[in-house]
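The values are calculated or read from the model by the stated rules, or taken from the named source; none is laboratory data. From a predicted model like this one, the values you see are computed outputs, not experimental measurements. In this analysis, Cβ positions are derived from the backbone assuming ideal geometry, glycine residues included, and neighbour counts consider all displayed protein chains. Side chains included, ligands, DNA and RNA excluded: accessible areas come from the protein's heavy atoms. Shrake-Rupley method; radii C 1.70, N 1.55, O 1.52, S 1.80 Å.
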Amino acid sequence: MSTRSPTNPPRNSLLLPSVLVILAGVIAALTYQSIIKPPPPKLCGSPGGPPITAPRIKLRDGRHLAYKEHGVPREKARRKVIFIHGSDCCRHDAVYATRLSPGLIEELGMYLVSFDRPGYGESDPDPNRTPKSLALDVEELADQLNLGEKFYLIGYSMGGQATWGCLKYIPHRLAGATLVAPVINYWWKSLPLNVSTQGYSLQPKRDQWAVRVAHYAPWLIHWWNTQRWFPGSSVANRDGASFSQPDRDIVLKLGSSRKPHLAEVRPQGLHESINRDMIVGFGSWEFDPIELENPFLNNQRGSVHLWHGDDDMLVPVIPQRYIAEKLPWIHYHEVPGSGHFFHYNEGVVDDIVKTLFKTDTEN
């Protein structure tokens, strides 16, 4: 009686799938290197890179953060504010100092420092950026500029990444905080599906796709925002066609005076500025802002405000209403008939700044 050994498959049948996998990997790697992988940033002060013109501090990890000071001198200020800019902006976009009514800065005794977030302007990129690292950048800036034990915070649009991070990680350093049209992460776990879906679907289609890519395939976002087969992010491409009518009216009225420093926003490239904003903003956060506790309990002075226009196409208002409902300690201010740039309207900056300070004084 003969025994039959198990039949071994032909060697070639085992080799072929391996060869195909290796070949596909090589093609993918070459494609990534030549098309998808973003170019290295043009570091400020490096050979061939942009010049360094702003004052900068050196951070804990060796990176540099560029900043700009406004208002009364630091040593004389009664109120010290750190302003965190949005996407496609930089330290020069300090509207909460530059658009205050004449004399109000002195009346309030206000000092404000704006800074280039990592990868913007003249601040070094941070490829490991997270909401927590941004909060620690803010704290270091305050310490190196000797702003004292507590300071105020105003974060606009994508500046909400750092502002939420500060409320989570350094609430003991805050005298008060204001979020203005903060970008929503539609994947925060406490945001109900119906709310996130409604808000997400109100964005322009091109931004819906860009947000989806940033969340699910962040390695693809540079290619997505630079290819020419279909439109990428409206912010990355500086396409105002996605603005609501109130925002179009503001852009038309202000023209180039709204952002005369446009060339200074992305001198180090698109990826470590706009793209990194999207990767962090719509990625997986290590905490959920909707689960935050009031940082000003136990009779501590201070308050948190959230301002939003109800006709904002870039950051639809629906999720903000839900956040305000779930976090009643946030003072919610909805501005009717206004878009994402509503703080350029006459008197709005005055209202936002005075409301923050007034509420803190009354507590």
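From the residues PRO51, LEU65, ALA241, which one has its Cα farthest along the dipole of the chain in the positive direction, the dipole being from +1 and -1 charges on Cβ of Lys/Arg and Asp/Glu about the Cα centre? Checked the options; the winner is PRO51.
Give me the percent of accessible area attributable to carbon and sulfur for the stretch 56-357, probe 1.4 angstrom. The value for the stretch 56-357 is 51 percent carbon and sulfur by accessible area. Taking the alpha-carbon centroid of each part, what is the distance from the stretch 37-93 to the stretch 292-350 in angstrom? With the stretch 37-93 and the stretch 292-350 each reduced to a Cα centre, they are spaced 26 Å. Length gained on full extension, LEU252 to GLN144, computed as 0.36 nm times the residue gap minus the Cα-Cα distance: 34.9 nm.
When we measure straight from the Cα of LYS189, which lysines land under 26 angstrom away, once same-chain ones fewer than 8 places off are left out? Straight-distance partners of LYS189: LYS132, LYS168, LYS205, LYS326. Only helices enter this figure: runs of n ≥ 4 DSSP H residues, each worth -39500 (n - 2.57), summed and divided by the residues of the chain, yield -10000 deg cm²/dmol at 222 nm to the nearest 500. Listed peptides 112-119, 206-213 appear in the order 112-119, 206-213 once ranked by packing, highest mean of other Cβ atoms within 10 Å at the front.
Relative to the longest principal axis of the Cα atoms of the chain, the long axis of helix 160-169 lies at roughly 80 degrees. The value for the stretch 257-363 of Rg(Cα) / (2.2 N^0.38 Å) is 1.29.
Bridges between two residues of the stretch 56-357, per DSSP, are antiparallel at a rate of about 25%. Relative to the dominant Cα principal axis of the chain, helix 245-254 is inclined by about 60°.
Ranked highest first by average number of other Cβ atoms within 10 Å, how do 98-109, 143-154 line up?
Packing order, densest peptide first, comes out as 143-154, 98-109.
The label point for GLU291 and the one for LEU104, both projected 7 Å from the Cα toward the Cβ, are 3.8 nm apart. If you wrap the tightest convex hull around every Cα atom of the stretch 151-277 and split its volume per residue, you get 155 Å³.
On alpha-carbon atoms, Rg over Rh for the stretch 87-179 using Kirkwood Rh?
Rg/Rh for the stretch 87-179 comes to 0.95.
For the stretch 56-357, the spread of Cα coordinates along the three principal axes comes to 55, 40, 40 Å, biggest extent given first.
Segment ASP350..LYS189, full-extension length gain: 54.5 nm, with 0.36 nm per residue of separation and the alpha-carbon distance subtracted.
Which of the peptides 162-168, 245-251 is most tightly packed, and how do the rest follow, going by the mean number of other Cβ atoms within 10 Å of each residue?
Packing order, densest peptide first, comes out as 162-168, 245-251.
Note that the stretch 56-357 presents 39 Å² accessible area per residue, ligands and nucleic acids not counted, probe 1.4 Å.
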